[in-house]
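> First the structure, then my questions, so here it is.
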Amino acid sequence: MADNAYNHAKIEKKWQQRWVKEGTFTTPELPGAKKSYVLDMFPYPSGEGLHVGHPKGYIATDVFSRMQRMQGYDVLHPMGWDAFGLPAENYAIKNKVHPRVAVEKNIARFKEQLQNIGFSYDWNREINTTDPEYYKWTQWIFLQLYKKGLAYESFEPINWCPSCQTGLANEDVEQGKCERCGSVVEKRPMRQWALKITEYAEKMLAGLEGLPWPKSIIESQKNWIGKSEGTQIGFPVEFKKEGAKPGLIPVFTTRPDTLFGCTYFVLSPEHLWVQLAIDDTHDVLENKDEVRRYVMQAAKKTEIDRTDATKEKTGVKLGGVWAVNPATGEKIPMYVADYVLAHYGTGAIMAVPAHDERDFEFAKKYELPIKNVVDDRGVLIDSGEFTGINAEEAKKKITEKFGKTTTNYKLRDWVFSRQRYWGEPIPIIHCEEDGIVPVPEDQLPVVLPEVEHYEPAGTGESPLALIIDWVNTTCPKCGKPAKRETNTMPQWAGSSWYYLRYIDPKNTQALVSAEKEKAWMPVNVYVGGAEHATRHLIYARFWHIFLYELGLVSTPEPFMHLENVGLILAEDGRKMSKRFGNVVNPDDIVASVGADTLRIYEMFMGPFNQTVAWSTASMSGPRKFIERLWRLAQASIGQEHDDSEAVLFAINKAIKKVTEDTAAFRFNTAISTMMECLNVFEKERIISRKSLENFILLISPYAPHVCEELWEQLGHADGISQASWPIADEQYLEEQNIIIPVQVNGKVRAEIAVTRDAMQADVEKMAMAQENVTKFIDGKEVRKIIYVPNKLLNIVC
RNA sequence: GCCCGGGUGGCGGAAUGGUAUACGCGAAGGACUUAAAAUCCUUUGCCAGCAAUGGCUUGCGGGUUCGAGUCCCGCCUCGGGCACCA
């Protein structure tokens, strides 16, 4: 027996080596009749290595993949590295190494940590977004976007992180701060590349319908896209100054029914009309200097100050000019105020202080008239011909007469350039003669050049701008000297299509072979953190829909089923972080209790998508579970034994429940079912070979190493992953002798043993024979008896 | 403010409208041992009781139902997303 003690270190190493040697998890190029693409959001190989929270999602997909393979699926289950971007670059700068060197080292560490946990990844398909053979295609997709007019140079003020020294996309800003480093973001007018994601707002919204994703992610995306239907109404503008030509400024409103209550008009400081009115060539404003000062002040404010609703609203009245309420014909004052956002709607609003809190606040401060036009029943008052109509109806009628319906989105175009070194160079050449010229596709990839210093240039330009040899090139069109684009792409570029690369990782001729793409896509199950709801998952869907329209992919959506992995907190309830010194390294856990225990523990902690705190003490349960399985197997192997009814019921119930729960990502209940099953087995001391084999098969996706070992001990030459997944035998699932509760008025008073599908009359007779039942009925009239066959009996009196 | 998701023992949590507290951790007692570890057995929601048993209990207050953790209405509270978005 001593020789046969469970030695996790020895067993786990043995099987991990064998899987590699035998290529156990090599995926076929093309799947057979049943395919499944099971994908993890690939990690960012940071310098800190993995902590025990990272593998949770990977364990889940691994368990799922292993079960599906045994169920006869060809499973594509790959892993790779999202290695471009700021963290790698900042790490490299801090540690004074080249980002490439740092990334290589980090990847090696990550990979070793992952392999220690025994994942069934097909490492032949490993990808790395910083590999020129990979980012060649990232650049290629950019060129396709450019060709379709979806990539463009823009000069509008963008979010600028003063610490990271780069522009940021809207999605990279959280509450006015850089999502990476927490610095307060500034507005900076600068040249940049942007992608017209806004053109896909409607398609991305439509694609969400019926997608089997968590509700919260769908809601987040809808929120982010922020569709809002309303009305555009033009307001005439007139001047005091003789000879100045009147104009028309459109506003967007979702409350056209309140048009008669519009008592003033507001433009955002960035509004083109304002910008023109304060420039030197125009002379219509009586207080031009004052307005100019206000506009400049507003421009200096950070995004936080600009959008803080609690701050007192400010504005300046425009002198010598007024707007006309098209409904009432009244002249109303015009203001410039920074509570009106430039980038939403038309950047101008019709202010209705009676029915809008912000307008009300502003009107109070500047003593503007407040005119109520909708009463408390929602019926229009004081609104000319529309008086007496209810608001919903009035919205339509007023829109018909004074404006037109329009749709607005909160979504803004994707600022796609970064002024940093460690990213894909944007494949564009600037020629004095021909302007913007895309790099010809046969010249891709535009390789990131070697540099001495990869720190930001400090000028708001990428460090690539300093490499004169690289910047200077010739125009592909006219052959004259020209300059390369020196901005790089954001971190999200490479991850927006990586799932396609796994399908065809070595392809040098095309993004992905059409045959393979059609065979493997879409991703069947995609697992990752909920924090990607409005970044990666938005960008990837955008690119995918675009590629679908080009006919390069066969499905309109890339990811079918999506599961969010819940965070693992440290034992102290805080996030695991080097800073708090509370990080648990999976290597240590694997060394002390084994990968199988770690895997079962992480799946058993609680519902998969829920945040839970790590507990080293709680790992003893899963560890003991494996040891008990081991001992039961040692006792049972080689013995002849007939199982009791209880054992047959337990194992078949487990087969059914574990199969269902694993498929539905309810790993915690799958494991508790297996524990219950083992508890039943142990009462018998030994079990039949058949039941033992079924049980080992069931656990094998969760604890593959120990199950391989036991499978081998049972005399199987082939590995357990080649075995077939067990199917429950229904005949054992129907217990013949059942104990049901007897209730009196809904309270349990007794339990009686009945045979399966016993007649109600017989059950009633037995119930009435129970002293504790009659005691509670005594003296009362039985009014009703509810009998749920094989479940319960309830006597009402 | 708006939109999602939660609130169940000492702890993590389980429960198609049908015995609430499965499974695991922790704790207490016992067996084995010179002793410890490991293992095994027993107990473990709260209150009363020697016990049989009874009463109470799923954030709070109502409701529907023979029966509610689960469904409906109104609150409280925690977590997450969005937010001067007109």
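The values are calculated or read from the model by the stated rules, or taken from the named source; none is laboratory data. Note that the structure is a prediction, hence the values are computed from the model and not measured. Virtual Cβ from ideal backbone geometry, glycine too; neighbours counted across all protein chains shown. Please note that ligands, DNA and RNA were not included when accessible areas were found on the heavy atoms of the full protein model with its side chains. Shrake-Rupley method; radii C 1.70, N 1.55, O 1.52, S 1.80 Å.
> Please go through the residue pairs A:Lys657/A:Lys791; A:Lys187/A:Lys371; A:Lys56/A:Lys657 and name each one whose alpha carbons sit more than 27 Å apart in this structure.
From A:Lys657/A:Lys791; A:Lys187/A:Lys371; A:Lys56/A:Lys657, over 27 Å: A:Lys187/A:Lys371.
> Give the distance, in whole Å, between the Cα centre of the range A:317-383 and the Cα centre of the range A:108-144.
Rounded to whole Å, the Cα centres lie 55 Å apart.
> Turning to a different aspect of this structure: Could you work out [θ]222 nm for chain A from helices alone, using -39500 (n - 2.57) per DSSP H run of at least four and dividing by all its residues? Round to the nearest 500 deg cm²/dmol.
-10500 deg cm²/dmol
> Also: Carbon-plus-sulfur fraction of the accessible area of the range A:573-653, 1.4 Å probe, in percent? Write out the running numbers ahead of the final one.
On the way: 1840 of 3720 Å².
Whole-percent figure for carbon plus sulfur exposure: 50.
> How far is helix A:288-300 tilted off the main Cα axis of chain A, in degrees rounded to 10, range 0 to 90?
The answer is roughly 20 degrees.
> Now for a separate question. Can you tell me the FRET efficiency between A:Glu367 and A:His343 if r is taken as the Cβ-Cβ distance and R0 is 30 Å, rounded to the nearest 0.05?
Rounded to the nearest 0.05, the efficiency is 0.50.
> Grab the Cα-Cα distance for A:Ala617 and A:Val173, subtract it from 0.36 nm times how many residues apart they are, and report the gain in nm with one decimal.
Working: separation 444, 0.36 × 444 = 159.84 nm, distance 3.92 nm.
Between A:Ala617 and A:Val173, full extension yields an extra 155.9 nm.
> Moving to a separate point now. Using the Cα centre as the reference, give the magnitude of the dipole from point charges on the C-beta atoms of the range A:655-797 (Lys, Arg: +1; Asp, Glu: -1; all else neutral), rounded to the nearest 20 debye.
800
> Report, to the nearest 10°, how far helix A:645-663 tilts away from the longest principal axis of the Cα atoms in chain A, using its own Cα long axis and a range of 0 to 90°.
Once rounded, the angle reads 20 degrees.
> Same structure again: Once you have a ≥ b ≥ c as the square roots of the Cα gyration tensor eigenvalues for chain A, tell me rounded if a/c is under 1.5, and otherwise prolate or oblate according to whether a/b is larger than b/c. Present the calculation step by step, with values, prior to reporting the outcome.
Numbers: a/c = 2.72, a/b = 1.47, b/c = 1.85.
Because a/c hits 1.5 or more and a/b fails to exceed b/c, chain A counts as oblate.
> Just order A:673-686, A:337-350, A:555-568, A:418-431 by mean Cβ neighbour count inside 10 Å, highest at the front, would you?
Highest-to-lowest ranking by the protection proxy: A:418-431, A:337-350, A:555-568, A:673-686.
> With +1 on each Lys and Arg Cβ and -1 on each Asp and Glu Cβ, how big is the dipole of chain A about its Cα centre, in debye rounded to the nearest 20?
I would put it at about 760 debye.
> Another question, if that's okay. If a/c stays under 1.5 just call it rounded; otherwise compare a/b with b/c (prolate if a/b is bigger, oblate if not). Do that for the range A:241-380, with a ≥ b ≥ c from the square roots of the Cα gyration tensor eigenvalues.
Oblate is the answer for the range A:241-380, as a/c is 1.5 or above yet b/c matches or exceeds a/b.
> Still on this structure, I have one more. Which pairs, out of A:Lys331/A:Lys397; A:Lys240/A:Lys300; A:Lys111/A:Lys690; A:Lys148/A:Lys245; A:Lys227/A:Lys396; A:Lys177/A:Lys222, put more than 27 Å between their alpha-carbon atoms?
On the way: A:Lys331/A:Lys397 23 Å; A:Lys240/A:Lys300 31 Å; A:Lys111/A:Lys690 37 Å; A:Lys148/A:Lys245 38 Å; A:Lys227/A:Lys396 19 Å; A:Lys177/A:Lys222 22 Å.
Exceeds cut-off: A:Lys240/A:Lys300; A:Lys111/A:Lys690; A:Lys148/A:Lys245.
> Work out the FRET efficiency for A:Glu286 and A:Lys401 from their Cβ-Cβ distance, taking R0 = 35 Å, and round it to the nearest 0.05.
That gives a FRET efficiency of 0.60.
> Give the relative contact order (percent, whole number) for chain A; include only Cα pairs under 8 Å separated by 6+ residues.
Once normalised by length, the contact order is 14 percent.
> R0 = 25 Å: FRET efficiency of A:Met768 with A:Glu734, Cβ-based, nearest 0.05?
For R0 = 25 Å, the calculated efficiency reads 0.40.
> Roughly how large, in nm² to one decimal, is the mean projection of the convex hull of the alpha-carbon atoms in the range A:1-160?
Details: hull surface 59.6 nm².
Result: 14.9 nm².
> How far is helix A:667-684 tilted off the main Cα axis of chain A, in degrees rounded to 10, range 0 to 90?
10
> So if I take the centroid of the Cα atoms in the range A:196-225 and the same for the range A:648-698, what is the distance between those two points in Å?
The range A:196-225 and the range A:648-698 have Cα centres separated by 40 Å.
> By a straight-distance test (C-alpha under 19 Å), which lysines pair with A:Lys96 as possible cross-link partners, with residues fewer than eight away in the same chain excluded?
A:Lys105
> Still on this model: Going by Cα centres, the range A:269-298 and the range A:1-49 are how many Å apart?
With the range A:269-298 and the range A:1-49 each reduced to a Cα centre, they are spaced 66 Å.
> For the range A:667-797, how big is the tail of P(r) above 20 Å, as a whole percent of Cα pairs?
That tail contains 60 percent of the Cα-Cα pairs.
> Could you give the length gained by full extension between A:Met296 and A:Glu385, i.e. 0.36 nm per residue of separation minus their alpha carbon distance, to one decimal place?
Details: separation 89, 0.36 × 89 = 32.04 nm, distance 4.28 nm.
Net length gain for the segment: 27.8 nm.
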